[in-house]
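**Student:** What follows is a structure written as structure tokens; I'll ask about it next.
The values are calculated or read from the model by the stated rules, or taken from the named source; none is laboratory data. It should be emphasised that the depicted structure is a prediction, and the values quoted were computed from it without experimental measurement. Backbone-built Cβ (ideal geometry, glycine too); neighbour counts: all protein chains shown. To get the accessible areas, we keep the full protein, side chains included, count just its heavy atoms, and leave off ligands, DNA and RNA. Shrake-Rupley method; radii C 1.70, N 1.55, O 1.52, S 1.80 Å.
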Amino acid sequence: STKNQSGASVDIASMGVSVMAVSSNLELKFPICVSKCPNSTLTTNSCYQKQEITVGAKHPITGTYTAEITYQFDLVQDYPSHPVAHRYCMPSDNAMMKQLKDTVQSGADATMYHMEEVIEAWRVLI
């Protein structure tokens with residue numbers, strides 16, 4: 001069993017669900033919202049893993065087709081973190097924090113991260 005964010009025990013084994021162990025690599029492309037920052041590895045959250053697209057047959061004349069997208073989420077073990085600015089959960093682990101800083105300080109990811117900061121702050125700028 002595992003604990004969800006509210007602290008309630010959940011018997012996930014009886015539901016055929018497994019928990020992915022916490023990774024030393026942060027997933028920054030698909031952040032999730034949580035009610036509070038996790039402070040241990042005893043809780044889990046449902047995190048995006050991948051999408052699978054199944055394309056149906058094309059209409060022979062118009063080319064019209066249908067596509068079904070399945071978004072796969074798995075339970076992932078949380079890692080200790082602390083709140084910053086009532087919006088972000090920053091990792092408590094020094095190696096994870098370095099990875100986060102490296103990502104937001106250089107390269108294309110940094111540019112996109114800082115552009116989002118400007119977009120989010122537009123009301124303050126006006």
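**Student:** Output the qualifying pairs, or none if there are none: Cβ atoms under 8 angstrom, residues six or more apart or on different chains, first residue in segment 82-106 and without any contact (Cβ under 8 Å) to a residue 40 or more places away in the chain and more than 19 Å from Thr41 (Cβ to Cβ), second residue outside any helix (DSSP H, G or I) and open to solvent by less than 70 Å² (accessible area, probe 1.4 Å).
**Tutor:** Qualifying pairs under 8 Å: Val84/Met90.
**Student:** Another question, then. How many residues, within segment 31-61, are assigned to a loop (DSSP other than H, G, I, E, B) and over 30 Å from Ala85 (Cα atoms)? Give the steps one after another, and end with the answer.
**Tutor:** Of all residues in segment 31-61, those assigned to a loop (DSSP other than H, G, I, E, B) come to 31-42, 56-61.
Okay, now just the ones that are also over 30 Å from Ala85 (Cα atoms), so 56-61.
Residues flagged as assigned to a loop (DSSP other than H, G, I, E, B) and over 30 Å from Ala85 (Cα atoms) within segment 31-61 amount to 6.
**Student:** Which one of these does Ser24 not meet: (1) modelled with pLDDT under 80; (2) loosely packed, with under 12 Cβ neighbours inside 10 Å; (3) out of contact with any helix residue (DSSP H, G or I) (no Cβ under 9 Å at 6 or more places or on another chain); (4) under 27 Å from Val84 (Cα atoms)?
**Tutor:** (3)
**Student:** Can Tyr65 be described as touching a His at 6+ places or on another chain (Cβ under 8 Å), modelled with pLDDT of 90 or more and open to solvent by 90 Å² or more (accessible area, probe 1.4 Å)?
**Tutor:** On the way: touching a His at 6+ places or on another chain (Cβ under 8 Å): yes; modelled with pLDDT of 90 or more: yes; open to solvent by 90 Å² or more (accessible area, probe 1.4 Å): yes.
Spelling it out, Tyr65 is indeed touching a His at 6+ places or on another chain (Cβ under 8 Å), modelled with pLDDT of 90 or more and open to solvent by 90 Å² or more (accessible area, probe 1.4 Å).
**Student:** Pairs under 6 Å by beta carbon, first residue in contact (Cβ under 8 Å) with a residue 40 or more places away in the chain in segment 45-64, partner in a loop (DSSP other than H, G, I, E, B) and of a type in the set (S, T, N, Q), six or more apart or different chains?
**Tutor:** none
**Student:** Then there is this: Output the residues belonging to segment 82-109 that are of a type in the set (S, T, N, Q) and farther than 18 Å from Lys29 by Cβ. Explain how you work it out, then say what you get.
**Tutor:** Here is the first cut: in segment 82-109, the ones of a type in the set (S, T, N, Q) are 92, 94, 99, 103, 105-106.
Ser92, Asn94 - these are the residues of segment 82-109 that are of a type in the set (S, T, N, Q) and farther than 18 Å from Lys29 by Cβ.
**Student:** Looking only at segment 68-81, which residues are farther than 13 Å from Asn45 by Cβ and open to solvent by 60 Å² or more (accessible area, probe 1.4 Å)?
**Tutor:** Of all residues in segment 68-81, those farther than 13 Å from Asn45 by Cβ come to 68-72, 80.
Within segment 68-81, Glu68, Ile69, Thr70, Tyr71, Gln72 qualify.
**Student:** Restricted to segment 43-60, and to residues that are loosely packed, with under 12 Cβ neighbours inside 10 Å and either among the hydrophobic types (A, V, I, L, M, F, W, C) or modelled with pLDDT under 90 (or both), which residue is farthest from Val76 (Cα to Cα)? Working first, answer last.
**Tutor:** First, the residues of segment 43-60 that are loosely packed, with under 12 Cβ neighbours inside 10 Å: 50-60.
Still in the list and also either among the hydrophobic types (A, V, I, L, M, F, W, C) or modelled with pLDDT under 90 (or both): 53, 55, 57.
Numbers: Ile53: 23, Val55: 29, Ala57: 36 Å.
Among those that are loosely packed, with under 12 Cβ neighbours inside 10 Å and either among the hydrophobic types (A, V, I, L, M, F, W, C) or modelled with pLDDT under 90 (or both), it is Ala57.
**Student:** Among the residues of segment 62-103, write down those that are assigned to a helix (DSSP H, G or I) and touching a helix residue (DSSP H, G or I) at 6+ places or on another chain (Cβ under 8 Å).
**Tutor:** At the first step, the residues of segment 62-103 found to be assigned to a helix (DSSP H, G or I) are 94-103.
The one that is assigned to a helix (DSSP H, G or I) and touching a helix residue (DSSP H, G or I) at 6+ places or on another chain (Cβ under 8 Å): Thr103.
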